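Everything on this sheet refers to the single structure shown next.
The values are calculated or read from the model by the stated rules, or taken from the named source; none is laboratory data. Keep in mind that what you see is a predicted model, and the values were worked out from it rather than measured. Note that each Cβ is placed from the backbone with ideal geometry, even for glycine, and that neighbours are counted across all protein chains shown. SASA here: full protein model, heavy atoms, side chains in, ligands and nucleic acids out. Shrake-Rupley method; radii C 1.70, N 1.55, O 1.52, S 1.80 Å.
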Amino acid sequence: MSAETPPAATNAAPGAGQRLDAAQLAEAFEMFARASEELSTAYNALQGQVAQLTERLAVLIGALPAGVVMLDRGGRVGQCNSAAESLLGGDLAGRPWDELAAVLHATETPGELTVGEETGARRVSLSEAALESGEGRIILLHDVTDAHRMRLQVERNERLAAMGEMVAGLAHQLRTPLAAALLYTGNLKQPELAPADRARVADRAIERMRYLERLIRDMLLFARGDSLGRQRFGICELAGELVHTLEPLARARQVDFSSACDCGDATLLGDRKALGGAITNLLENAIQATEAGGAVDLSATLEGDTVHFRIRDNGRGIEPAHQARLFDPFFTTRADGTGLGLAIARGVARAHGGDIAVESSPGKGALFILSLPLPRPDEGDAAPAPKEPS
Ligand code: ADP
């Protein structure tokens, strides 16, 4: 009996276990079904949200005043907004960016380009970023035509205001030499004047008129401001040329003139004549401020992306009270000075993105440093002359 009856414990346990497992399995299935239903609801909701976000993003990009162009891995336009289409013209989808970029022309400002012709030309600032996924690039085009026009207007107004101030000073500056020239030429009419005296008076009149001529030339240079040219030239080549020009003056004044250029074949992009004129002026001032036996030195060095022209003399130096006024138009301590040389030199340096600094103390000479930014590697002299959208 006991042999026929399977032990309750051994039989009951797997039976109960099986029943339990089936129940558990059913429950697990139910849970799984519930979870997967929840998951698929969540997934659907998420998909809805993604669709909603994509739609909002498309609306947002479409409404952006800036042009947005998304490029695929191959550099072709995947997506773009209407601002980009109206800037670059027509349907852009699928077109290679290189072909579209051909309508953009470089300007004098890095990162800013013009598109379109003459009166309809727009000025855009272009920025580019790679997508994090590495799937392509995004190009942003900002229409900066109005901002640029306003910037030009502000610059013009500033120059006009400076000129207004200068005109007031100029009237005063012109009156004295003109009165002297009139007086001397009036004297020439005197019949009793001996020939030698007549010649002396005529010389004085001529001298005053030459001064007036110089003053007017400097005035024109100062007022010229915006019409600077743009050429590429070697820094050491310019320095060498200036040394050549100034040597006779230094020799005549018995001033020892030395120069060094550490810039190799580095080049500058700008108005060679105006920059040469600015450095010439600094050198002339240095030679004039130096007694016979003194020394003047010109050096050009590269520091980072800047070139420094240093003009050092061991002449009389500059009083602190004068240093603050050095660059003011008409400030001069020389009887025959126009006081415009440094004002023009600083104007030229600033128009090239640089500046002039001065270090000096009375009796200890002076150091003028004209610093200019080097052109960026992508700045080409082949860039067309700045086109101003009207
Ligand atoms: P100008 O040479 O016609 O006087 P600038 O603007 O070139 O006009 O110079 C203004 C003044 O700055 C000069 O009259 C002079 O007093 C002073 N100055 C310029 N450079 C030097 C220098 N290297 N040493 C001493 N004084 C200087």
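Can you give the extra length, in nm with one decimal, that the chain gains between Thr333 and Leu25 once fully stretched, where that is 0.36 nm per residue apart less the Cα-Cα distance?
Going from the current span to full extension adds 100.4 nm.
For n ≥ 4 DSSP H runs only, could you compute -39500 (n - 2.57) per run for the chain, divide by its residues and tell me the 222 nm figure to the nearest 500?
For the chain, the value works out to -17000 deg cm²/dmol.
Would you mind telling me which residue in Pro195, Pro110, Pro329 has the biggest mean-square fluctuation in a Gaussian network model of the chain, where springs connect alpha carbons within a distance under 10 angstrom?
Pro195
Would you work out which of Thr290, Leu140, Met150 lies farthest towards the positive end of the dipole of the chain, given +1 charges on the beta-carbon of Lys and Arg and -1 on that of Asp and Glu, about the Cα centre?
Farthest towards the positive end: Thr290.
Using alpha carbons only, how many degrees (0 to 90, rounded to 10) separate the axis of helix 195-224 from the longest principal axis of the chain?
10 degrees
Would you please give the FRET efficiency between Gln49 and Arg156, computed as 1/(1 + (r/R0)^6) with r the Cβ-Cβ distance and R0 = 30 Å, to the nearest 0.05?
0.05
For the chain, just give the cysteines left without a disulfide-compatible partner, judged by no other Cys Cβ under 4.7 Å.
Cys80, Cys263
Can you tell me how much longer the chain between Arg149 and Leu64 gets when fully stretched, taken as 0.36 nm per residue apart minus their C-alpha distance, in nm with one decimal?
Between Arg149 and Leu64, full extension yields an extra 28.4 nm.
Could you tell me which residue out of His352, Leu269, His172 lies farthest along the dipole of the chain toward its positive end? Charges go on the beta carbon: Lys and Arg +1, Asp and Glu -1, centred on the Cα centre.
Result: His172.
Can you pull the one-decimal nm distance between simple spin-label points at Ala202 and Asn187, each 7 Å off the Cα toward Cβ?
1.5 nm
Among Ala324, Gly240, Leu100, which residue has its Cα furthest toward the positive end of the charge dipole of the chain, with +1 on Lys/Arg Cβ and -1 on Asp/Glu Cβ?
Checking the options against the dipole of the chain, the answer is Ala324.
Over segment 195-339, with a single point scatterer placed on each C-alpha, what log10 of the ratio I(q)/I(0) does the Debye formula yield at q = 0.15 1/Å?
Values, matching the q order: -0.95.
When the accessible area of the chain is split by element with a 1.4 Å probe, what percent falls to carbon and sulfur?
After summing per-atom areas, the C and S share lands at 57 percent.
Can you give me the Cα centroid spacing of segment 133-193 and segment 100-116 in angstrom?
29 Å
If you line up the long axis of helix 341-351 against the longest principal axis of the chain, both from Cα atoms, how many degrees apart are they, to the nearest 10?
In the chain, helix 341-351 runs at an angle near 20 degrees to the longest axis.
Just to make sure I understand: if all protein chains stay in place, what is the order of Asp265, Asp91, Asp355 by accessible area at 1.4 Å, largest first?
Asp265, Asp91, Asp355
Counting only Cα atoms, I'd like the Rg/Rh figure for segment 162-231, Kirkwood definition for Rh.
So for segment 162-231, dividing Rg by the Kirkwood Rh gives 1.19.
Return the distance in nm (one decimal) between the two label points of a simple spin-label model at Glu237 and Ser86, each offset 7 Å from Cα along Cα→Cβ.
Computed distance between label sites Glu237 and Ser86 equals 4.6 nm.
Note the angle between two axes, namely the Cα long axis of helix 235-252 and the longest principal axis of the Cα atoms of the chain, as a number of degrees from 0 to 90, rounded to the nearest 10.
Roughly 20 degrees between the two axes.
For the chain, what is the accessible area per residue in Å², given a 1.4 Å probe and the full set of protein chains?
Result: 60 Å² of accessible area for each residue.
Using the crude model of +1 on Lys and Arg Cβ and -1 on Asp and Glu Cβ, and no other charge, please compute the dipole size for the chain relative to its Cα centre, in debye to 20.
Numbers: 39 positive and 53 negative charges, 462 e Å.
Charge dipole of the chain: 2220 debye, to the nearest 20.
Amide H of Ala121 versus every other amide H placed in the peptide plane: which residues, excluding those fewer than 5 positions away on the same chain, fall under 5 Å?
Under 5 Å from the amide H of Ala121 lie the amide H atoms of Ser390, each far enough along the sequence or on another chain.
Going 7 Å from the Cα of Ala168 in the Cα-to-Cβ direction, what parts of segment 325-366 have a backbone nitrogen less than 15 Å from that spot?
Answer for segment 325-366: 329-330.
Give me the one-decimal nm value for the distance between modelled label points at Arg376 and Glu247, 7 Å along each residue's Cα-to-Cβ direction.
With each label point 7 Å from Cα toward Cβ, the separation is 4.0 nm.
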